[in-house]
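What follows is a set of notes on a single structure, which appears directly below.
The values are calculated or read from the model by the stated rules, or taken from the named source; none is laboratory data. Keep in mind that this is a model prediction, so the values were computed, not measured. Here the Cβ positions follow ideal geometry from the backbone for every residue, glycine too, while neighbour counts run over all protein chains shown.
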Amino acid sequence: MSKKKKKINVVYSTNPNFSFNYEEDEVQETLSPDEQNLRIHLDRLKGGKVATVIRDFVGSEDDLKELGKYLKSKCGVGGTVKNQEILIQGDHRDKVLQLLKEKNYQVKKAGG
């Protein structure tokens with residue numbers, strides 16, 4: 001995977017020897033499961049569909065994707081990982097809660 005680089009505050013330069021300074025995204029260290037405080041929400045999407053959303057994961061994108069893949073396979077449904085959230089198709093809050101507790105995550109149901 002490539003790391004995203006951001007250009008820092010330069011619009012235009014007439015200096016022929018100028019090179020951009022890049023700001024690299026820091027790779028966040030993943031907390032152990034017993035230090036995580038995850039929240040499970042139920043979101044209503046367009047078309048009357050619902051999705052189980054797991055939020056507040058602290059760690060790297062790869063670890064989040066791995067956890068999302070594990071949860072999707074155990075629930076037998078599709079979903080995605082984006083914006084530091086795991087979306088699982090359908091209402092699987094109880095099953096996800098049980099699966100995360102088995103992996104020693106600190107987890108709560110939140111919202112409606």
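Answer with yes or no whether G111 is part of a loop (DSSP other than H, G, I, E, B), on the phi > 0 side of the Ramachandran plot and surrounded by 16 or more Cβ atoms within 10 Å (Cβ to Cβ). For G111, the condition - part of a loop (DSSP other than H, G, I, E, B), on the phi > 0 side of the Ramachandran plot and surrounded by 16 or more Cβ atoms within 10 Å (Cβ to Cβ) - is not met. Scanning the range 69-94 for residues that are of a type outside the set (A, V, I, L, M) and either touching a Cys at 6+ places or on another chain (Cβ under 6 Å) or assigned to a strand (DSSP E or B) (or both) turns up G79, T80, K82, E85, Q89, G90, H92. Scanning the range 9-64 for residues that are outside any loop (DSSP other than H, G, I, E, B), touching a strand residue (DSSP E or B) at 6+ places or on another chain (Cβ under 7 Å), at pLDDT 90 or above and not aliphatic (A, V, I, L, M) gives N37, R39, H41, D43, R44, T52, R55. So is T52 touching an Asp or Glu at 6+ places or on another chain (Cβ under 9 Å) and surrounded by 14 or more Cβ atoms within 10 Å (Cβ to Cβ) or not? So T52 passes the test. Could you go through the range 72-80 and let me know if any residue there is closer than 17 Å to A110 by Cβ and not polar (S, T, N, Q). So far as the range 72-80 goes, no, none of its residues is closer than 17 Å to A110 by Cβ and not polar (S, T, N, Q).
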